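Encoded as structure tokens, the structure appears first; notes follow it.
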Amino acid sequence: MNLLSKKRIAVLHALVPFVSGGAELHVKGLRDALVRRGYEAEVVSLPFKWYPRKSLEDSYLMWRMLDLTACEAGPIDLAIALKVPTFMVKHPNKAVWVMHQFRQAYDWRDDPAKGGLDLTEEGRQIIAEVTRMDNLGIGEARAVYANSRNVAARLQKYNGIASAPLYHPPSLVGRYRIGEYGDYILSVGRLDAAKRIDLLIRALPYCDSHIRVKIAGRGPEMTALQKLAVELGVADRVDLLGFVPDDDLLDLYANALAVCYPPLDEDYGYVTLEAFLSQKPVLTCHDSGGVLEFAREGENAFITDFDAAQMGAAFDKVYANKAMARDMGASGYGLVKDISWDNVVDELTKTIR
Amino acid sequence: MRIGYCSPFNPMKSGISDFSEELVFALAEQMEVVIFSPVEVTNKALREKFEIHLLSDLDDAALRGSLDQIVYHLGNNADMHTEIMEMLHKYPGVVELHDFGMHHFAAEYYLGKRQDGQGYLDLAHYCHGERGLAVAQAFLAGKAPAPWETHPLDMSMNKRYIDEATGIIVHSPLLKDMVMACRPDVPIAVVMHHSADLYDDPQTLQKECRARLGLPEGQLIFGSFGFAQENKRIIPILDALERYRKEWGGEFRYYIVGKPQPGLALPQKIHQRGLEDNVFITGFTELEDFKLYMGACDFCLNLRYPTMGETSGSLHRMMGMGKPVIVTAAGTFCDYPDNVVLKVRYGEQEADDIYQAICTLANIPLKRAYYGEMALAYAQEHCDIHKNAILYKRFFEQISDGTWQPEYLDRLFGCLCELGLIPGQENTGATA
């Protein structure tokens, strides 16, 4: 593909100012993969804020009013929307790859901690509004994908829109490696309540006292986790590492005994893939959503209820049989090693090839 | 620019026939106009000036191919517009929408002409979703009154025609908003209903008209025009006149110029109110006499409720004659500035509002003169048929070469409609 014939692709992103996480990695990963494949790709971002209601509506409206059919350089051949409310953009060749919906209006609608929209009249109006707008924006796309089966099922359930799951690799794909099977269980991710990282700490009293947990990541739950470790008398077995640079993170994965990842109804979850690419077994819960698309009980993972004693028992199993942990990690690796950006790019660019 | 102009023409008796027979002459100053009529055109002047075809000739591909645009005039009457709508379905083009509410048309077409209840239900579903379908089903099952009476604008049954159009022309800003709420991205233009004749000297016109009709020069005369059916609010007007006569005396004449709706029993109503010496019913008149009576008036009443979102050709004719006009504060009448027409509310206070408005115009000559001048100025600015012809030409050209662009506020409004962020105008297709 020479420069003159390069197709132009806009990757649409709604960013939450001063917050960076999996969504940003996802968008960057897609953009880089498109460029590697010879496309001219650009991330187009607008800030997103969902409260008060007028801000939510403004965000949807801003995307609707954007003209991304062309730029000064010429026509934009494809627009890929990944996240609410970028779906709303009008483009004759729009692909939607749903990474994030506005979950407050969907599966979190009953949860007071998430806004509890279904609990008030205005909230119900917001739910109806968001659903209607999402149905319009996603429904008019030429192709609809979801970043996991879990997200696809949610889209079908709440919006009645069919989509194909399309998996993508984590950002450091190609650099994960296998090291020792040490004495620590690893947790990676933003420290917020939905990730339920407290389960790792709560599990420690129920397992071999030689087992430690290392928790990589920052977030609003940091202080609460520190207090919890002290309260349970396991502070000396818990390492709250905060932000960890990529190279250190790779080391942490490489030398972990296992990775514990017990979020509540995760959309997709890079951590599962990162664990398997590092050939580590995953310890998770029955209600962890997208994680379960890869985690298979006894084969590459132990899956428990959200229960400290059960998770502690899972810690013991891998600690007591490291050879088994190695085999399970290898099994996980076999499952995800072929998840690649190439496949993602092939799918998303079908309409311009 | 060569356009195909599809409309009823006389001898089909319709306001749209009269409208078109005036407009095509002005359009012909700007473009080549080929007339397509459902029946043989009888107007001699048209026959002499224009290439005229029966509507069915549009099936001729070569003839169609010779046209840059086809414009279809649609109104809420299946006797006049059935074949036009069917041609629109076959050969999409620009639609000039004379009525927003098309439910009468749909009911007459499907339930009357075609005896096709399922077709009616399908259209209700297409236009108004599940809720519209439920209303239509209840009506067909005899469990609910006619939806065009209970939901005159909510259940407008026009979406299919709007969706089939390559562009829409409407006669009022309100209708533009309503169409955009239905299809936000449609190319659309507002061309105000023309005033066929603009008179620079209303006083002389009035004298001449009265002389020709043998009406006294000095007496107060006012009137209502067109088919005198219930929605023209004749009964509340009579109530107001009964009161006016009691309080101010009987030195006035009120003319009802048009065929009265039989069920209204107007002669009895007039008698009951003691207005036999003041109220006169002309019955149907030809256009010339219609205009004479209008020209003879000191002011006119042009009330309408409920409304189907239609615009009023009579109103613009009145304004072009420099007549002060009392209108209902509803539908497209709300588009007119308050210093151009006098607006009365519908509802419980309707007769009282009409009475007050009549008092204003009848008893205060300066007010009467003011509203007359403002009406004429408005008509000259917005309703000049020759200026309108230029607007039509520009719109047809923009549609043809793909350069039509919405104005910024229209684009914003269109997006808000699409997202359903305007209360009552959610584009769900289920507003019934």
Residue hits (segment A:203-230; assigned to a loop (DSSP other than H, G, I, E, B), in contact with a Leu (Cβ under 8 Å, 6 or more places away or on another chain) and hydrophobic (A, V, I, L, M, F, W, C)) are A:Ile211
Which of (1) out of contact with any strand residue (DSSP E or B) (no Cβ under 6 Å at 6 or more places or on another chain); (2) closer than 18 Å to A:Leu257 by Cα; (3) assigned to a helix (DSSP H, G or I) does A:Leu200 not meet, given it meets every other one?
(1)
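Under the condition of being part of a strand (DSSP E or B) and in contact with a helix residue (DSSP H, G or I) (Cβ under 7 Å, 6 or more places away or on another chain), which residue from segment B:277-309 is surrounded by the fewest Cβ atoms within 10 Å (Cβ to Cβ)?
B:Ile281
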Scan (1) at pLDDT 95 or above; (2) within 23 Å of A:Glu221 (Cα to Cα) for the single condition A:Tyr319 breaks and write down its number.
(2)
For B:Val340, all conditions in the list (1) part of a helix (DSSP H, G or I); (2) of a type in the set (A, V, I, L, M); (3) closer than 20 Å to B:Val190 by Cβ hold save one; what is the number of the exception?
(1)
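Residue-wise test of (1) part of a helix (DSSP H, G or I); (2) crowded, with 24+ Cβ neighbours inside 10 Å; (3) more than 18 Å from the chain's Cα centre (by Cα).
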position	(1), (2), (3)
B:Ser156	no, yes, no
B:Arg160	yes, no, yes
B:Asp163	yes, no, yes
B:Ile168	no, yes, no
B:Lys176	yes, no, no
B:Ala181	yes, no, yes
B:Pro184	no, no, yes
B:Asp197	no, no, no
B:Gln203	yes, no, yes
Quick one: which residue in A:Asp32, A:Asp77 is more than 14 Å from chain B (Cβ to nearest Cβ), over 25 Å from the mean Cα position of the chain (by Cα), among the acidic types (Asp, Glu) and at negative phi?
A:Asp77
Does segment A:316-325 include one or more residues that are exposed (fewer than 15 other Cβ atoms within 10 Å of the Cβ), in contact (Cβ under 8 Å) with a residue 60 or more places away in the chain, part of a helix (DSSP H, G or I) and of a type in the set (Lys, Arg)?
no
Flagged in segment A:42-61 as more than 13 Å from chain B (Cβ to nearest Cβ) and over 16 Å from A:Gln125 (Cβ atoms), in numbering order, are A:Glu42, A:Val43, A:Val44, A:Ser45, A:Leu46, A:Pro47, A:Phe48, A:Lys49
Given the criterion over 20 Å from B:His316 (Cβ atoms), in the same structural domain as B:Ala165 (by TED's automatic domain parsing) and touching a helix residue (DSSP H, G or I) at 6+ places or on another chain (Cβ under 6 Å), identify the matching residue among B:Leu27, B:Leu55.
B:Leu55
Yes or no: segment B:202-210 includes at least one residue that is assigned by TED's automatic domain parsing to the domain that holds B:Tyr408 and of a type in the set (D, E, K, R).
no
When restricted to A:Tyr39, A:Tyr60, the only residue more than 22 Å from the chain's Cα centre (by Cα) and closer than 20 Å to B:Gly414 by Cα is A:Tyr60
Per the filter on segment B:137-186, residues more than 17 Å from B:Tyr72 (Cα to Cα) and polar (S, T, N, Q) are B:Gln137, B:Thr150, B:Ser156, B:Ser172
Selection count where residues are in contact with a helix residue (DSSP H, G or I) (Cβ under 9 Å, 6 or more places away or on another chain) and either at pLDDT 95 or above or not in a loop (DSSP other than H, G, I, E, B) (or both), scope segment B:243-276
21
Output for segment A:128-145, where each listed residue is more than 13 Å from chain B (Cβ to nearest Cβ) and part of a helix (DSSP H, G or I)
A:Ile138
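Just to be sure before I move on: is B:Gly65 outside the structural domain of B:Ser14 (by TED's automatic domain parsing) and either surrounded by 15 or more Cβ atoms within 10 Å (Cβ to Cβ) or at pLDDT 95 or above (or both) in the structure I sent?
It is false that B:Gly65 is outside the structural domain of B:Ser14 (by TED's automatic domain parsing) and either surrounded by 15 or more Cβ atoms within 10 Å (Cβ to Cβ) or at pLDDT 95 or above (or both).
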Pair list, Cβ under 9 Å, 6 or more apart: segment A:122-142 residue assigned by TED's automatic domain parsing to the domain that holds A:Val84, other residue modelled with pLDDT of 95 or more and among the polar types (S, T, N, Q)
A:Thr131/A:Asn159; A:Asp134/A:Asn159; A:Asn135/A:Asn159; A:Gly137/A:Thr86; A:Ile138/A:Asn159; A:Ile138/A:Ser163; A:Gly139/A:Asn159; A:Arg142/A:Asn93
Which number in (1) in a strand (DSSP E or B); (2) surrounded by fewer than 19 Cβ atoms within 10 Å (Cβ to Cβ) marks the one condition that B:Asp57 misses?
(1)
Can you go through A:Ile185, A:Ile197 and tell me which one is closer than 26 Å to A:Ala254 by Cβ, more than 14 Å from every other protein chain (Cβ to nearest Cβ), in contact with a Cys (Cβ under 6 Å, 6 or more places away or on another chain) and crowded, with 19+ Cβ neighbours inside 10 Å?
A:Ile185
Picking from B:Tyr392, B:Tyr371, which residue would you name as being aromatic (Phe, Trp, Tyr), under 30 Å from B:Pro92 (Cα atoms) and at pLDDT 95 or above?
B:Tyr392
When B:Glu21 is evaluated against the numbered criteria (1) part of a helix (DSSP H, G or I); (2) of a type in the set (Asp, Glu); (3) more than 30 Å from B:Pro152 (Cα to Cα), which criterion, by number, is the only one it fails?
(3)
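The values are calculated or read from the model by the stated rules, or taken from the named source; none is laboratory data. If you're wondering where the values come from, they're calculated on a predicted model, not measured in any experiment. Because the Cβ atoms are built from the backbone with ideal geometry, glycine has one as well, and the counts that use them run over all protein chains shown.
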